[in-house]
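Please read the structure below before turning to the comments.
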Amino acid sequence: GTDAVIRAFEKSDISQILLTVAGMLIYAIGVNSFIVPAGLYSGGVMGISQIIRTLLVRYAHLNFGGTDIAGIISLILNLPLFVLAYMSVGRHFFWKTVICVVSQSLFLTLIPIPASPIVEDTITATLIGGIVVGAGIGVSLQSGGCSGGTDILGMYFTKKYNDFSVGKLNLI
């Protein structure tokens, strides 16, 4: 239960967790304010989640009101990866990843997407969105968080193979 989560972290980890959550807030602002309004998609599990959301809304004609469900879909797609994180990478990494992905999903669901793009030019929106998203992920990674998806797979392969890195998997 909750005691297990609390015991998994030392007091020094609390500030890292807060930074990780702040990083996911910055990430979600970048995605919902610049990437999605420009009609763009992220990479990895989040990009797959955005494609599934688009298919559900456009072609299955499901209406979720003003809520963007890509974050919720991403959380669902990350569930099997949580098992991999727990069993292969470690309990501490697992809990930080869960906190990060849940906060990311929450922020992506709660932060409204503007009806019209804040920045009209797609290239400019891409650059600004990429900088904001990258900064958010950078803050989370620097504080020991993991935004789930391919990062979990990257950590798994990094532990398994000495010459492997998370960055290599993301490039692939």
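The values are calculated or read from the model by the stated rules, or taken from the named source; none is laboratory data. As the structure is a computational prediction, the values presented were derived from the model and not from experiment. Backbone-built Cβ (ideal geometry, glycine too); neighbour counts: all protein chains shown. The accessibility values were calculated without ligands, DNA or RNA, using every heavy atom of the protein model including side chains. Shrake-Rupley method; radii C 1.70, N 1.55, O 1.52, S 1.80 Å.
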GNM result for the chain, Cα springs below 10 Å: residue of Tyr27, Tyr86, Tyr161 fluctuating most strongly: Tyr161
Please give the per residue accessible area of the chain, computed with a probe of 1.4 Å over protein heavy atoms only, in Å². 55 Å²
Give me the percent relative contact order of the chain, please, defined on Cα pairs under 8 angstrom at least 6 residues apart. 37 percent
With a 10 Å cut-off between alpha carbons and a GNM built on the chain, which of Asp68, Asp13, Asp151 moves the most? Asp13
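Please get the size of the charge dipole for segment 80-172, origin at its Cα centre, with Cβ charges of +1 on Lys and Arg and -1 on Asp and Glu, quoted in debye to the nearest 20.
So the magnitude is around 500 debye.
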Per DSSP H run of at least 4 residues, take -39500 (n - 2.57); add these up for the chain, divide by its residues and hand me the 222 nm value, nearest 500 deg cm²/dmol. -21000 deg cm²/dmol
Portion, in percent, of the accessible area of the chain that falls on carbon or sulfur, probe 1.4 Å: 68 percent
In nm, spacing of pseudo-spin labels at Val83 and Lys159 (7 Å Cα→C-beta vector): 1.6 nm
